[in-house]
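These notes concern the structure reproduced below.
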Amino acid sequence: MTASSAPAPRTTRAAPGARDAVFAQLADAGRAEQVARRLADAIVLGVLAQGERLPSEAELARRFGVALVTTREGLGMLRQAGLVETRRGRDGGSFVVHPGDPDEALLTTRLRGLSQVELSDLAVYVTTIAAGCADRAAERSTPEDDDRLRRWLDAADFSAAAEARRNAGGFLLELAVLSQSTRLVREQLRLQAEFGPLLWLGMRDSALRASAEERARRIADAVAARDAVSARAEVSGLVDAVARWLLQAKARVETGGTIDG
């Protein structure tokens, strides 16, 4: 699969701030795995668009705060995973290739690496940020904002796992934008870029996909009705359902099964 032959994703292109969050400096510089993980997560989530040219190796090294050789090693890992292709020549560079589905081995490893307590804490944190966004959106959004959010949902595809994963995360980003809080937007962008692929792993489940879409629409309706209490409750229900699926998936892989059972 190449960038030229892959179908364009149906999701709305991520806002510039999302890509800024992707390229923020790494906390623990010097590890190629961190470079690869940061970019891989952003590609799977859809923050980095199909066919998008990444910054140069030198620019990536500067932004991440790592050595040039570390950046090269990280990009090499992405090429091996089929998430990036490198083209030579005047218009060359490293270009994003969206997978049809994220690499299961990668996600299984990440799931094993987090304890049940850590997964529960992650869900609590995501809920807190997203519920705060919903609360502020219900207070500050305009009728034009409400219509735009509904149109966004009408265009979003929840029928397949990869699209549902990107759109579930994208919806929370849209909700953050409606909050008109720069701080909440930045934090939501960081959470989606760092944890999105793992957090929305449950979108492999068709019932959970349908539930997520239904809850997203109820959240949008609550925001439009200026009902902050209902908006927060629906956000909490959405993240809680995802977290319960993750905890069950973790139990399965730890007993020798697969993510899906």
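Things worth noting here:
- Cα-only radius of gyration and Dmax that characterise region 160-261, units Å: 14.3, 47
- Rotationally averaged projected area of region 89-217 (alpha carbon convex hull; nm²): 10.2
- Computed lengthening from Asp154 to Ala207, 0.36 nm per intervening residue step minus Cα-Cα distance: 17.2 nm
- Take region 161-203 with all the other protein chains still there, run a 1.4 Å probe, and you get 27 Å² of accessible area per residue.
- Residues Arg166, Arg63, Arg37 ordered from highest to lowest accessible area at a 1.4 Å probe: Arg37, Arg63, Arg166.
- Under-5 Å amide H pairs with Val84, H placed in peptide plane, nonlocal only: Arg79, Val97
The values are calculated or read from the model by the stated rules, or taken from the named source; none is laboratory data. Note that the coordinates shown come from a computational prediction; the quantities given were computed from them, not determined experimentally. The accessibility values were calculated without ligands, DNA or RNA, using every heavy atom of the protein model including side chains. Shrake-Rupley method; radii C 1.70, N 1.55, O 1.52, S 1.80 Å.
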